[in-house]
Amino acid sequence: METVTAAPQPDGRAPIIEIVGLSLSFEQDGQRTDVLRDLNLALAPGEFLALVGASGVGKSTLLRVLMGLAKPTAGEVHVRPDPAADRPMALVFQDSRLLPWRRVISNVAFGLEKTSLDKAARRGRAMDALRLVGLADLADRWPWQLSGGQRQRVSLARALAVRPSILLMDEPFSALDVATRENLQDELIRIRQETGKTIIFVTHDIDEAVYLADRVVALAGKPGEAKAIRVVDIERPRKRFSLALQELSARVKADIAPESAPRADDWVI
Amino acid sequence: MSARSPLHALLPLAGLVAFLLIWEAAPRLGLFPRVLLPPPSDLPGALMREINSGMWLRSMNQSLSHYTMGLFVGSAAGVGLGVLTGMSRVAEGLMSWNNRVLRPIPGLAWVPFAIIWFGVNQGAAVFIISIGVFWIVYFATHGAIRAVDRDLVEVASAFGFTSAPERLIKVMLPAATPGILVGLRTALGQAWMAVVAAEIFGVSGLGSRMMQASSLLATDVVVVYMLTMAALYGIMDTIFMYAQGRLLQWRP
Ligand SMILES: Nc1ncnc2c1ncn2[C@@H]1O[C@H](COP(=O)(O)OP(=O)(O)O)[C@@H](O)[C@H]1O
Ligand SMILES: [Mg+2]
């Protein structure tokens, strides 16, 4: 089994998050299902890491563990929080999960209600976050009045508003149409440049992973293990579907293909 | 005739006028003795007499006070217990057989105890009204809390609202509000019936005044109070619908 560690840090900075020997199994009706096994991973501050893997491999479960929403069976997560952060991590859900009884601005301010900021300060911070995702003029809308792409922007603003040390995103664009998705991918790249956030971006779309990330970690198998790690050594701004990206994408696909799987041409009679 | 024609819009009014005309005609043509069926034209006079004697306003105030207090006590207890059993499996388990035993007892079956415990007074009326309200609001709240989307509760946890009171305030209660309001609206009607029932047993208010009038064969006064009840309930329901619209303006 391959052990995955942080990419070498040229400036020798300590990792902002370190996942050590993480395993997780669910116990159900006396039956144990191993979901994650012995995961080791470290991120440098400001790094953009993409986590790819087929549906059901345990990507969301890993994010839930990082958020503290699920307890690992073994292993540890060490976070070196940013002192300016209100929360160590914030999560953008795949299905946006806006609270339908709150207007857009109030949804974005939701996490700030856990801080000591007063109402005006919370509103100010929420407006800043909305401006960052380009939705300041929709502040007073209700969630049902938004398109899918706008809802995901609001969900991103809600996560950014608490200034997390690490931004976690769980397949945030996978339910969107292609044009909206590509648009939001580029928005995310811009926002990352502006904020310098450390990001863990989960996706099952390998092309999306290599286009966005500094590094791609592939989860595969049952239980899910880190099968491979690829540094995306391609200069930004990147050109979508450039040859270099396509080559890398093919390599990641090969990394996670089950070794015994029949290749398509084996079936040609 | 199409549903949109102006004539169609006049149908309800026409129906009401026809109803009043038949009602007026029946005693006047001698089909019914006037005392058994007072014609509507007798009602304004009866209403004025009741207003001038001060009885109308006093009975109305008494009934409204029973109604609001019973509604408040029953709803507060219903929401409280519904939230508790909706959020805690232990509380739900503890209550499940109690619910089965106590819930089928009609509110009016509590009248003997209401009178023994409180006497024939305001307390008895509030007690009877609140029992009916309690069950409706309790079940509505329990169901609404149980039905809250777990994913939204997870959002609260993800942003640090991990304690039960925080989850309740930030997600469970707002998400359950539409369901709780459905129960409250049903209770609004149920409580009004309980008011009349409690007062017919003697607690003073619209119901008892109506019974007094009936024993004197002042049937026009009885009808005045019947219509007063209808009007008050209509006003309550309108106010409630307005408040509900404000509370639920976030819904499409
Ligand atoms: N609460 C749970 N209890 C039991 N099994 C679970 C639970 N949550 C997730 N799983 C299982 O863990 C596996 C990984 O799920 P998930 O992390 O959602 O995968 P992914 O996000 O990669 O699609 C799945 O097989 C799923 O059925
Ligand atoms: Mg998932």
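Tell me yes or no: at least one residue of segment A:123-142 is free of Cβ contacts under 8 Å to residues at least 24 places away in the same chain, within 16 Å of ligand 1 (Cβ to nearest atom) and of a type outside the set (A, V, I, L, M). No, there is no match, as no residue in segment A:123-142 is free of Cβ contacts under 8 Å to residues at least 24 places away in the same chain, within 16 Å of ligand 1 (Cβ to nearest atom) and of a type outside the set (A, V, I, L, M). For A:Phe93, the criteria (1) under 19 Å from A:Ala226 (Cα atoms); (2) within 16 Å of ligand 2 (Cβ to nearest atom) hold in every case but one, which is (1). Screening A:Pro72 against (1) away from chain B (no Cβ under 14 Å); (2) within 16 Å of ligand 2 (Cβ to nearest atom) leaves a single unmet condition, (2). Number of residues in segment A:49-69 that are open to solvent by 20 Å² or more (accessible area, probe 1.4 Å) and either closer than 18 Å to A:Lys227 by Cβ or within 9 Å of ligand 2 (Cβ to nearest atom) (or both) equals 5. Out of curiosity, is A:Arg163 within 13 Å of another protein chain (Cβ to nearest Cβ), on the phi > 0 side of the Ramachandran plot and surrounded by fewer than 24 Cβ atoms within 10 Å (Cβ to Cβ)? Here the answer is yes, as A:Arg163 does meet what is asked. Taken over segment A:70-90, the criterion of being closer than 22 Å to A:Ser25 by Cβ and either buried (at least 20 other Cβ atoms within 10 Å of the Cβ) or within 13 Å of ligand 1 (Cβ to nearest atom) (or both) is satisfied by A:Ala70, A:Lys71, A:Pro72, A:Thr73. Among the residues of segment B:118-162, those identified as within 11 Å of chain A (Cβ to nearest Cβ), open to solvent by 40 Å² or more (accessible area, probe 1.4 Å) and outside any helix (DSSP H, G or I) are B:Asp149, B:Thr162. Run down A:Leu184, A:Leu188 and say which single residue is farther than 20 Å from A:Arg230 by Cα, away from ligand 1 (no atom under 16 Å from the Cβ), in contact with a strand residue (DSSP E or B) (Cβ under 9 Å, 6 or more places away or on another chain) and part of a helix (DSSP H, G or I). That would be A:Leu188, the only listed residue that is farther than 20 Å from A:Arg230 by Cα, away from ligand 1 (no atom under 16 Å from the Cβ), in contact with a strand residue (DSSP E or B) (Cβ under 9 Å, 6 or more places away or on another chain) and part of a helix (DSSP H, G or I).
Every test in (1) more than 13 Å from chain B (Cβ to nearest Cβ); (2) part of a loop (DSSP other than H, G, I, E, B) is passed by A:Arg123 save one, and that test is (2). Applying the criterion of being among the basic types (Lys, Arg) and at pLDDT 85 or above to the residues of segment A:216-244, the residue that is nearest to ligand 2 (Cβ to nearest atom) is A:Arg230.
Note on segment A:165-181: among residues that are aliphatic (A, V, I, L, M) and within 16 Å of ligand 1 (Cβ to nearest atom), the one that is modelled with the lowest pLDDT is A:Ala175.
The values are calculated or read from the model by the stated rules, or taken from the named source; none is laboratory data. Quick caveat, the model's predicted, so the values are computed rather than measured. Virtual Cβ from ideal backbone geometry, glycine too; neighbours counted across all protein chains shown. The accessibility values were calculated without ligands, DNA or RNA, using every heavy atom of the protein model including side chains. Shrake-Rupley method; radii C 1.70, N 1.55, O 1.52, S 1.80 Å.
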